[in-house]
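The values are calculated or read from the model by the stated rules, or taken from the named source; none is laboratory data. These numbers were taken from a predicted model, which means no experiment stands behind them. For neighbour counting, all protein chains shown are included, and Cβ atoms are generated from backbone atoms with ideal geometry for every residue, glycine included. These area figures cover heavy atoms from the full protein model, side chains too; ligands, DNA and RNA do not enter into them. Shrake-Rupley method; radii C 1.70, N 1.55, O 1.52, S 1.80 Å.
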Amino acid sequence: MAAEKLRDLSQPIDVALLDATVSAFYGTGSKEERAAADHILRDLQNNPEMWLQVVHILSNTQSLNTKFFALQVLEGVIKYRWNALPAEQRDGMKNYISEVIVKILKHEWPARWRSFIPDLVAAAKTSETICENCMAILKLLSEEVFDFSRGEMTQQKIKELKQSLNSEFQLIHELCLYVLSASQRAELIRATLATLHAFLSWIPLGYIFESPLLETLLKFFPVPAYRNLTLQCLTEIAALSFGDFYNVQPLSHPLPTFLDAYANGNSEEQAFIQNLALFFTSFFKSHVRVLESSQENISALLLGLEYLINISYVDDTEVFKVCLDYWNSLVLELFEAHHNLENPAATANMMGLQMPVLPGMVDRLGSQIMQRRQLYAGPMSKLRLLMICRMAKPEEVLIVEDENGNIVRETMKDNDVLVQYKIMRETLIYLAHLDHEDTEKQMLKKLSKQLSGEDWTWNNLNTLCWAIGSISGSMMEEQENRFLVMVIRDLLNLCEITKGKDNKAVIASNIMYVVGQYPRFLRAHWKFLKTVVNKLFEFMHETHPGVQDMACDTFLKIVQKCKRKFVIVQVGENEPFVSELLTTLPATIGDLEPHQIHSFYESVESLLQKWAEIIGQARQSVDFLKDQDVIRAVLNILQTNTSVASSLGTYFLPQISLIFLDMLNIYRMYSELISTSIAQGGPYASRTSIVKLLRSVKRETLKLIETFLDKAEDQPHIGKQFVPPMMDPVLGDYARNLPDARESEVLSLFATIINKYKATMIEDVPRIFEAVFQCTLEMITKNFEDYPEHRLKFFSLLRAIATHCFPALIHLSSEQLKLVMDSIIWAFRHTERNIAETGLNLLLEMLKNFQASEFCNQFYRTYFLTIEQEIFAVLTDTFHKPGFKLHVLVLQHLFSLVESGGLTEPLWDVATVSYPYPNNGMFVREYTIKLLSSSFPNMTTTEVTQFVNGLFESRADLFLFKDHIRDFLIQSKEFSAQDNKDLYAEEAAAQRERERQRMLSIPGLIAPNEIQDEMVDS
């Protein structure tokens, strides 16, 4: 039976069974057992499909004998059946073997296989087929060392391999030139060009410019079969900084129509246009200053930019991304020179001048910058038109055209489009700063063509309006006012004269997007603001998908930035606009859905008054509250109150004071109904519609209280008024309830309360702890899946207590504290990133607080070794890579603490450890070496000892400490050949913050409606 299973190669072979068969063949069993195993293995070797199982066997077996058997199978296929294999199988095998050789090289070369490069070059010269395979190996080696090495090899190993490749590149260079000059074999020439492409970015420049390489590449460029690979090589060279090697050849070809060529071309021709874009952008990024240096070169530059603008119109996302990246960098460079004109030193640095700036140089530098702006004025004007014509869709726009050409509501955000919009918006902001007049002129000209019908299409109007909205904040206020008056007037006229529901929906969407982007203009022009708001009210009656949602969202955005304008009497008005609005309220919201009404009410900060009616009838008969329609009405009122509380903050106090106690009574009553239903109907009762509805009311009650307390100003009397009455109805109810009826919002509510009122809550912590701790832990520690919302909120509550009410934790019993520490360890073991990070942050709070407390020795003597062991466990477990930064901080804290002398009592158990360690540092050092040696048997004791000593030596420098741990993880093989970007997440976050500060310094780069609480509403 086992033999038949092994012989069935239609599915992956059973490696454990194969191991047993190979073991029987080499074992000391009976002669019959060895003969049977030999018979099976020979059958497998002779099976023509067996070699396809080799990779699976090598990846899954631990037996050296089985690995040797698999390699024998591979050798037999190569020796005797190679030519009979299909071409794709031969290519697959060659690629696999090449990858294996490169993996071996990463360990053996250069130290233990010094002659590798000479051996490979010598083998390549014996035949063209072998030469082609050698090229594949060299290409893979270059990619492994220079492109994919980060996170897979230590810094020292990468440095060694780079030095070895550099020192022996002469042989590789000679081989490549020899092949390109002598071979007629197309596959070999393509393999050689591909290998050169991998090497060109890092080889010494002499190999390119002091040899026939460049001329050889240019010779292959006109040949269609090699055109793309040659252009890729030239692109790599174009991206290099190569000093005095310049010899610019002007372009003399007529300007092709790339748009048609791409649309009608085959895949090779389309790839050529993409590669052409890469070549131009790489060359211009590195050498544009040289092209600006003489009239002949300027002509080549302007023609090249014209090529690139034409390529940018090609209807392909990847091609456009390549072009957009360059346009963004060029425009940024031109803008920064213009922006820094007031700072001569910065300007000189921008222009590459490494000298002190003398007074006489300032005017000359300014003159050079103006000349350069003049040089680029023509291309920049064409670029503005390109950006307007191809503007990506902003996030706020909810109405899109589907694949059938219908206007529909967007159902899913396209993140690629949002990223592209941000880059295009930034580029257009820089372009606007460089020439506001040209920007305004181009936009108004395109808008007039929409109005006349000459250029009317949905897409043209969309991209134009998205572009107009995207430059908000970049103009001076006077120019912006003049520009917006014309834009909004024309758009409103267009809406009046255009027929058709879809057309009107598109125009409505664009009007709403544009007005939502210019709050400064609306605040300064009451009549326009009133007209726009009334137009939004019209759109609220439009039933076309997405229009109502967008009208409510835009109204909310405008009110948040212009709220003062609605509550004062404007010139020419008899009453504040809010009074007029409330009078027409029923008609305005008549066609809106419930969720849209919530958004509307959040905007106008008004309230429904039905609550009093419901409470009045409930006092006459409690059963009234059990009616499903009444429950829905209660839910709707609570949701509306939550929206208003979010907007009003402290000013919501009179309203919540009116409904608070009645709301708690309803909460208690609905909770009892839920518990009774679940007790009688079992777990399935929690899924019935009535229980779901009742729970929604409970959750919304908690959300309303949490929203109000979070948004209200930090006034202690508010906490004293609202927290005590909640203790039994909310906390007591949570403790008494069945697990399936406990609301996770209780945990987040009390986390918010503690974060808000901090140390004033210390006396209440024991009550909170008693009500939620034990029962919640029982719910969430059975596995990693059940009650996901309770998990994160529970640890957020615990962190709030540890941060603001730490004295309450100190007074817990040792059993209760152990429960807390066990739950923290359980949290950071969790594979859900948010829970693990909350647990780690909580642990850091606890460690720092206990270090500063009188119980420091007692706490660390109990938990130090456990924490260290658990942190190393998750640090070296690939499931927890996102927590790397916090793992490092915990370890740095522990190692710094033992070396600081802050612990005055031994961490080891004096009763059981006979050796008297001189200090805690020596004990922890030895403990850590033993711990890691047992966890990583593939590493020598010397390697582990070096790592541990390095931890103690680098503990004071977080950057060195982190790098030391990264290298160890890679060296340990646990993290090799995986995506290790999470190990570098902190550096990426710091870069993002620097970029945000830069953007804040440039008017318009962060849209006015995205700047929170910084806009004056006057």
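Tabulated data for the structure shown
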quantity: Carbon plus sulfur fraction of accessible area for the stretch 1-132, probe 1.4 Å, in percent; calculated: 54 percent
quantity: Probe 1.4 Å, protein heavy atoms only - accessible area per residue of the stretch 433-513 in square angstrom; calculated: 39 Å²
quantity: Whole-number accessible area per residue in Å² for the stretch 1-128, which is evaluated in the context of all protein chains at 1.4 Å; calculated: 61 Å²
quantity: Residues with amide H under 5 Å from that of A1007, placed H, sequence gap 5 or more; calculated: none
quantity: Surface accessible to a 1.4 Å probe, per residue, for the residues of the stretch 829-947, Å²; calculated: 46 Å²
quantity: Neighbour cut-off at most 14 other Cβ (10 Å), DSSP loop, trypsin sites (Lys or Arg not before Pro), the stretch 479-561; calculated: K499
quantity: Sites M779 and L819, calculated FRET efficiency, Cβ-Cβ separation with R0 22 Å, nearest 0.05; calculated: 0.95
quantity: Stretchable slack from E292 to T904, in nm (0.36 nm times residue separation minus alpha-carbon distance); calculated: 213.3 nm
quantity: Phi-based couplings in Hz for the stretch 513-519 (Karplus 6.51, -1.76, 1.60; Gly and Pro marked x); calculated: 5, 4, 5, x, 8, 10, x
quantity: Long-range amide H partners of Q570 with built H, under 5 Å; calculated: F577
quantity: Anisotropy class of the stretch 888-948 from Cα gyration tensor, a/c 1.5 cut; calculated: oblate
quantity: GluC sites (Glu not before Pro) restricted to the stretch 725-787 and DSSP loop, no more than 14 other C-beta within 10 Å; calculated: E785
quantity: Portion, in percent, of the accessible area of the stretch 742-899 that falls on carbon or sulfur, probe 1.4 Å; calculated: 49 percent
quantity: Local electrostatic count at R861 - Lys and Arg +1, Asp and Glu -1, tallied over other residues with Cβ under 11 Å; calculated: -2
quantity: Residue pairs, from the table K94/K139; K557/K758; K162/K285; K561/K720; K504/K535; K561/K711, whose Cα atoms sit over 21 Å apart; calculated: K557/K758; K162/K285; K561/K720
quantity: Listed peptides 450-459, 884-893, 652-661 by packing density, highest first (mean Cβ within 10 Å); calculated: 884-893, 652-661, 450-459
quantity: Ranked packing of 847-859, 433-445, most packed first, by mean Cβ within 10 Å; calculated: 433-445, 847-859
